[in-house]
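Chemist: One structure, pasted below without further comment.
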Amino acid sequence: MDIKKWKPVRTFFTFLCLILCLLAAGCSNVKEPGKENGSDASGLVIGFSQLGSESAWRLGNTASMENAAAAHGINLVVNNGMQKQENQITAIRSFIAYQVDVIVFAPIVEDGWTNVLQEAKDAGIPVIMMDRVINVRDSDLYNAYIGPDHYQEGVNAAKFLIRKSEELQNEKIRIAEISGTEGSSPMISRYKGFHDLIDNNDRFEVLETISGDFLRSKGRECMESLLRKYPDQIDVLYSHNDAMTLGAIEVMEEHGIKPGKDIVIISVDGEQAAIDLLKEGKINCVVECSPMLGEAVMDLAEKIVSGQDYPRITRPEESVFTEYDDLSDLPPREY
Ligand code: GYE
C-alpha cells in the first residue's frame with residue numbers, strides 16, 4: 001500500500017483502539033477531531049493524563065485543553081487520575097501501548113515518574129509536562145514544560161504581605177498557612193517562594209503550615225483546626241489556592257470573623273469566585289496562576305511532531321490582583 005495512504009488509516013485505527021481501550025479503563029472526553037468549530041482534523045493523537053478535578057482551576061485547565069484540541073483538529077484522549085499517581089501512571093502506560101503521537105501530563109506530585117517516562121522515551125513518544133513539574137535526575141525524560149512559575153507566585157504573595165504590613169500596627173504579624181497537596185510542585189514552590197522572603201524578618205511569625213490538599217472541603221477543616229488552636233491570634237491567612245480559601249472564609253464567617261478585615265487573606269489562582277470576594281473586600285490579594293494552557297500545549301505538540309524547533313519551557317503571563325488595584329475593568333475570568 002502507498003505509505004501516504006496508510007498513515008491516515010493507521011492513525012484512525014490507533015485512535016479507534018485507544019478509544020475502546022481507554023473507555024474501558026475509565027478515560028473520558030474522547031473527542032473526534034474536526035467535529036467542532038468546523039476545523040480540519042490534523043490526525044494527531046494526544047494522550048492527556050490530567051491529575052484530577054479538585055478545583056475550578058483544574059476544571060478550567062481541562063476545558064482549555066479540550067477547546068484548544070478541538071480548534072486544532074487534534075484527537076485528545078483525556079484520563080482523569082482522580083488525585084492518584086498510580087492512576088496517572090496506568091494512563092500513561094496505556095498511551096504508550098497505543099502509540100499516541102504525544103503524551104501530555106500534569107504530575108500530581110514531583111517524585112516517582114522516572115520509570116514510566118523512561119518507557120515513553122524508549123517507545124519514542126514525546127512527552128510534554130504541563131502545569132506542575134517533576135523531580136527526575138534525567139531531564140531528558142520529557143521534551144518540554146508548559147506552566148506557571150509557582151516559586152514566583154509564592155514570592156508575589158510575600159511581596160503583598162510586606163506591603164500590607166506597613167499599614168498594620170501589630171508588633172508581630174502572625175500567619176497561618178494552608179498549603180496544597182504534599183509533595184506537589186506548586187505546594188513546595190509556593191511555600192519556598194513565600195518563606196524565602198519573610199523568614200528572615202522577625203516581625204513575621206508563621207504559626208503553622210497545614211495541608212489542605214487544594215480542596216475546598218479541606219480548606220474548611222484546616223481553618224476549623226487553626227481557629228481552635230490559635231483563637232484570636234491569626235493576623236494573616238496565606239492559602240495556596242482559591243478553593244481552600246473559599247472554604248476557610250466560610251468558616252471564618254461562621255465564627256463571626258470578618259475575612260479581609262480581622263484576618264488579611266492572600267490566595268493563589270484567580271478564579272472568578274475569589275476575584276468577586278476580592279472586590280467585596282473579603283480577600284486582600286489574589287496571586288494569579290493561569291490554567292489556560294491548552295493553546296500553547298497544542299502548538300507545542302504540533303511543533304514537536306513536525307520536527308520544528310520548540311522552547312523547552314513556556315510560561316503563561318500572570319499578574320497579581322490586590323485591594324490596592326482598580327479592578328473595575330477586569331474582564332470576566334474563564335475559570
Ligand atoms: O493552584 C490549584 C490546583 O497545580 C497550579 O492545582 C495547580 C494547582 C492550582 O488544584 O487550584
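The values are calculated or read from the model by the stated rules, or taken from the named source; none is laboratory data. Being a predicted model, the structure only gives us computed values, none of them experimental. Quick reminder, even Gly has a Cβ in these numbers, built from the backbone with ideal geometry, and neighbours come from all protein chains shown.
Chemist: Among the residues of the stretch 179-215, write down those that are β-branched (Val, Ile, Thr), within 12 Å of the ligand (Cβ to nearest atom) and in contact with a Ser or Thr (Cβ under 6 Å, 6 or more places away or on another chain).
Modeler: Scanning the stretch 179-215 gives no hits.
Chemist: What tally of residues in the stretch 50-74 results from selecting those that are within 16 Å of the ligand (Cβ to nearest atom) and of a type in the set (A, V, I, L, M, F, W, C)?
Modeler: So the count comes out to 6.
Chemist: I would also like to ask the following. Considering the stretch 279-292 alone, what residues qualify as being surrounded by fewer than 24 Cβ atoms within 10 Å (Cβ to Cβ) and hydrophobic (A, V, I, L, M, F, W, C)?
Modeler: MET292
Chemist: For the stretch 62-101, name all the residues that are polar (S, T, N, Q), in contact (Cβ under 8 Å) with a residue 40 or more places away in the chain and more than 21 Å from GLY183 (Cα to Cα).
Modeler: Listed by number, the residues that qualify are SER64, ASN67, ASN75, ASN79, SER94, GLN99.
Chemist: Given ASP131, ASP140, which one is in the same structural domain as ILE46 (by TED's automatic domain parsing) and at positive phi? Show your work before the answer.
Modeler: Values: ASP140 fails: at positive phi.
Answer to the selection: ASP131.
Chemist: Kindly check whether there is at least one residue in the stretch 29-44 that is at pLDDT 95 or above, in contact with a helix residue (DSSP H, G or I) (Cβ under 9 Å, 6 or more places away or on another chain) and outside the structural domain of PRO186 (by TED's automatic domain parsing).
Modeler: So far as the stretch 29-44 goes, yes, one or more of its residues are at pLDDT 95 or above, in contact with a helix residue (DSSP H, G or I) (Cβ under 9 Å, 6 or more places away or on another chain) and outside the structural domain of PRO186 (by TED's automatic domain parsing).
Chemist: Checking the condition surrounded by fewer than 22 Cβ atoms within 10 Å (Cβ to Cβ) and of a type in the set (Gly, Ala, Ser), which residue from SER94, SER184, SER179, SER189 passes?
Modeler: Just a single option satisfies the conditions, and that option is SER94.
Chemist: Same structure again: Mind checking whether some residue in the stretch 75-83 is surrounded by fewer than 22 Cβ atoms within 10 Å (Cβ to Cβ), at negative phi and within 14 Å of the ligand (Cβ to nearest atom)?
Modeler: yes
Chemist: Also, quick follow-up: Hey, among TYR142, TYR151, which residue is touching a residue at least 12 places away in the same chain (Cβ under 8 Å) and within 17 Å of the chain's Cα centre (by Cα)?
Modeler: TYR151
Chemist: Shifting gears a bit: Examine the stretch 306-313 for a residue that is surrounded by 13 or more Cβ atoms within 10 Å (Cβ to Cβ) and of a type in the set (Val, Ile, Thr), and state whether such a residue exists.
Modeler: No, that holds for no residue.
Chemist: Right, something else. Condition first: more than 21 Å from GLN152 (Cα to Cα) and within 16 Å of the ligand (Cβ to nearest atom). Can you find one or more residues in the stretch 281-298 that meet it?
Modeler: Yes: the stretch 281-298 contains one or more residues that are more than 21 Å from GLN152 (Cα to Cα) and within 16 Å of the ligand (Cβ to nearest atom).
Chemist: To continue, here is another question. Give the residue, chosen from GLU318, GLU323, GLU271, that is surrounded by 14 or more Cβ atoms within 10 Å (Cβ to Cβ) and modelled with pLDDT under 95. Full working, then the answer.
Modeler: Numbers: GLU323 fails: modelled with pLDDT under 95; GLU271 fails: modelled with pLDDT under 95.
On inspection, the qualifying residue turns out to be GLU318.
Chemist: I want to confirm something. Restricting to the stretch 165-179 and keeping residues that are among the hydrophobic types (A, V, I, L, M, F, W, C) and under 28 Å from the mean Cα position of the chain (by Cα), which single residue is farthest from GLY247 (Cα to Cα)?
Modeler: The residue in question is ILE175.
Chemist: Working carefully through the options ASP309, ASP269, find the one that is within 26 Å of VAL127 (Cα to Cα) and in contact with an Asp or Glu (Cβ under 6 Å, 6 or more places away or on another chain). Even if it seems obvious, please write down each step before you answer.
Modeler: Details: ASP309 fails: in contact with an Asp or Glu (Cβ under 6 Å, 6 or more places away or on another chain).
Step by step, each of ASP309, ASP269 is checked, and only ASP269 is within 26 Å of VAL127 (Cα to Cα) and in contact with an Asp or Glu (Cβ under 6 Å, 6 or more places away or on another chain).
Chemist: Would you confirm, using the coordinates I've provided, whether LYS303 is closer than 20 Å to GLU205 by Cα and either among the hydroxyl-bearing types (Ser, Thr, Tyr) or away from the ligand (no atom under 15 Å from the Cβ) (or both)?
Modeler: No.
Chemist: Go over the candidates GLU86, GLU54 one by one and state the one that is closer than 24 Å to ALA296 by Cβ and of a type in the set (D, E, K, R). Steps first, please.
Modeler: Values: GLU86 fails: closer than 24 Å to ALA296 by Cβ.
When all the criteria are applied, what remains is GLU54.
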